[in-house]
Amino acid sequence: ICFFFKFKMSNFYFAITFLSCFNKSTIKYGDKYMFETNRRDFLKNSALVAASASLSQSFVMDAFAADPLKIWTIGVAKVTKTWDEMGKQAGVPLVYSAKSGSADQAIQKFFVGDGQKLYDAITDNGGGQEDAMSDNKAIVPLDVSKIKNWKNLIPEYKEGNVAANTIRNRKGEIVGVPYISNADSMAYNKTKVGGDIDTWDALFDSQFKGYAAMQNDSGPTLTTTAVYLKESGKQDIVNPSDMSKSEVKGVCQFLIDQKKKGQFRTFWDGFGNGVDLLASEEVLVSSCWEPIAVIAAKKGADIHYGTMKEGHQTWNNVWMLTKGGKQRGQEDNFYKLMDLYLSPWFGARTLANLGFTPQMTGVNEYVEANPADFDANKKAVIAQRLKNKADRMAVKGNSWQNLYPKELRAYQDWWAKVQAA
């Protein structure tokens, strides 16, 4: 006789299956009598045990799937006012936890922390993290046939194309769904600097001494500087995204020299800090993410985002399904949310509101079909941004972001020296 019970305690579902195989023999435990099963009865009922276990697992998975999808991501993954609105658009209840832009935070949370218990779906921080997460079984391979809008994905992600390995692990399995990307450049105050800028040299030009800023992060800042030094012929660098120890040393010594001369007003930390520096005109030229330039311009400063002739750091961010999320039966909810992120609805809004590159086709058609949401001014902004992105992506000096270069320790050690200078 098989009994199945399901109950909920402290937001977790439990399933218990009891099997009693009655026969004539009993055993005594303390002052109580219990049924004893013999080998023949056990074998006879093994099929029932298996069926019961399968049934209980099915009920548990269904129960978990009814729970909200617990997501850990950055604020710019949202194009509505609230995460509840994003959830309603996707048809999935969401519980949001804020994530920083630090790659180290994600690694610590999942490799030695409680990330698997806390989160069903997470976003990465750029190139290479999908490999590290997959190698350590923090995330699981995806069944993209369950993502209806996967067909909308831009061709750069097809096997053999430039961004193909950014959504696949070392085995070639798809483990990430891209939702934003860009080629990071430099923001500048056109009115104050007297015109447009098309070279990273402006960051290191003495006429902007004390009015230049770079990001306080070794990855993008060292890569951007390496792109500039390589393409301008000032240093011999093979791959700005994966430098040797001596190349890292050369780039950092260059930055230390600039810092000691007083070239930099500061190294900005965080989105808000980057915006404030440009909007207040405390800084006139700054390497930064495009949304920083977009928001700073909305605050009234004449901020533009240029195309640098030497090249840019290109990158994307992806969504990943955690092992814990799959075990909790959240696959269907995850795939529903991914349908939203690969829809022109999201792509048009992330482009118009924040300046990120859409990862799906059909954005222009969507904008044209929804004039109530995109007036003539917004259409013009979107068209110009798409053109600027195409121009930046076409520059031969571009280098893809790499969070885990071979000489990572050298990056860390030398970056500490830059900060201390």
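The values are calculated or read from the model by the stated rules, or taken from the named source; none is laboratory data. Because the structure is a prediction, the values reported are computed rather than measured. Protein only, heavy atoms only, side chains kept; ligands, DNA and RNA dropped before computing areas. Shrake-Rupley method; radii C 1.70, N 1.55, O 1.52, S 1.80 Å.
Rolling a 1.4 Å probe over the heavy atoms of the protein chains gives the stretch 326-421 an accessible area of 47 Å² per residue. Surface analysis of the stretch 63-107 yields an accessible area of 45 Å² per residue, using protein heavy atoms and a 1.4 Å probe. Expressed as a whole percent, the accessible area of the stretch 58-150 that falls on carbon and sulfur atoms is 53 (1.4 Å probe). Note that the stretch 145-262 presents 45 Å² accessible area per residue, ligands and nucleic acids not counted, probe 1.4 Å. Pairs of alpha carbons in the stretch 284-388 separated by more than 21 Å make up 48% of all such pairs.
Extension gain for A164-Q253 works out to 28.6 nm (0.36 nm per residue, less the C-alpha to C-alpha distance).
Atom-type composition of the exposed protein surface of the stretch 284-421 places 52 percent of the accessible area on carbon and sulfur (1.4 angstrom probe). Fully extending the segment from D198 to D413 would add 74.3 nm, taking 0.36 nm per residue of separation and subtracting the current Cα-Cα distance.
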